[in-house]
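In what follows, a single structure is set out as structure tokens and then discussed.
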Amino acid sequence: MFNFNVVSPLLPIMIRLLCYAFLVLLLAVSSCAPKMSFLPPRNVDEYFEQALEAFKNDNLATAQKYFDIIKLQYPASKYADDAQYYLAEINVKKNEHILAAYNYNQLRRTFPNSEYAKIAAYKAAMSQYRQSPKYDRDQDYTRQAIKAFAEFQALYPKDSLAIEAGKRIIELRTKLAEHDYRTAELYIKLNAPRASLIYYDLVLNNYPDTEFFEPAFLGKARMLLRLKRFQEAEETLRLYRQRFPQGKLQSEVYDIAEQLKQALAQTTTP
């Protein structure tokens with residue numbers, strides 16, 4: 001016959017062990033089970049709320065999906081311009097700068113009176129700016145960025161960002177100037193002084209506000225001297241002195257002027 005008096009003292013311990021084992025099993029099963037997801041949005045307000053929450057948590061796939069739904073299914077809602085703006089912001093986070101510029105500009109075209117219109121104009125220019133390559137590459141994106149920043153300045157001349165746009169324009173124009181200046185130097189190495197002159201003139205005619213303007217005078221004068229176009233070389237040095245009376249390259253100007261004098265003396269010697 002079973003002796004309950006022997007088992008009864010162990011009964012509470014056994015119950016606690018069984019409860020602990022059941023709890024461990026329950027946790028293991030729940031960890032393997034698929035996680036419950038939020039209920040799908042039922043209206044535009046919920047779509048926007050969940051899209052914005054996903055964006056803040058860097059759940060970009062969900063955010064993009066819901067903002068796209070707002071854009072396509074609720075184009076007349078109060079969230080339509082928000083959705084367009086955040087789609088561009090998602091592009092920026094994903095380093096899709098061409099798409100970002102497109103979506104920012106799309107917002108400006110579709111919602112010109114939106115609260116996002118001004119910042120979208122600036123951020124569209126910044127997206128072009130981020131596409132601008134090094135000076136030795138094709139500079140199409142650089143020119144597009146300059147155009148976009150200039151457009152922003154024209155639209156919002158008194159805005160604080162107009163000053164920042166001006167700084168970006170100078171930076172990008174300097175890159176264009178360097179592109180032409182370095183190309184001129186390359187043609188010197190290739191023994192093509194006439195081609196070099198073309199690019200020095202591009203710097204002198206188009207980029208007087210950059211650091212490459214001053215040395216371009218000297219590069220041009222040297223090439224003219226090399227091509228024995230002495231009067232043009234002399235005129236180039238005169239223009240340099242007129243533009244830069246205290247120029248940092250005066251010693252080099254002096255050397256070129258001396259070479260020019262010697263060359264002129266040789267041509268006039270019987």
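No value in this document is a laboratory result; all are computed from the given coordinates. All values derive from a computational prediction rather than experimental measurement. Every residue, glycine among them, receives a Cβ derived from its backbone with ideal geometry; neighbour counts consider all protein chains shown.
Data table
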quantity: Cβ-based charge dipole, the stretch 153-270, positive-most Cα from Leu264, Leu176, Leu161; calculated: Leu264
quantity: Calculated FRET value between Glu115 and Ser160, using beta carbons and R₀ = 22 Å, to 0.05; calculated: 0.85
quantity: Rg(Cα) / (2.2 N^0.38 Å) computed for the stretch 66-202, rounded to two decimals; calculated: 1.33
quantity: Whole-Hz ³J(HN,Hα) from phi, Karplus 6.51 cos²θ - 1.76 cosθ + 1.60, for the stretch 169-176, glycine and proline x; calculated: 4, 4, 4, 6, 5, 5, 5, 5
quantity: Point-charge dipole on Cβ atoms (K/R +1, D/E -1) for the stretch 77-172, about Cα centre, debye to 20; calculated: 40 debye
quantity: 22 Å Cα-Cα threshold exceeded, pairs from Lys134/Lys158; Lys118/Lys147; Lys189/Lys261; Lys189/Lys220; Lys56/Lys93; Lys56/Lys167; calculated: Lys134/Lys158; Lys189/Lys261; Lys56/Lys167
quantity: ³J(HN,Hα), Karplus 6.51/-1.76/1.60, whole Hz, each residue of the stretch 76-91, x for Gly, Pro; calculated: 9, 7, 5, 9, 4, 6, 4, 4, 4, 5, 6, 4, 5, 5, 5, 4
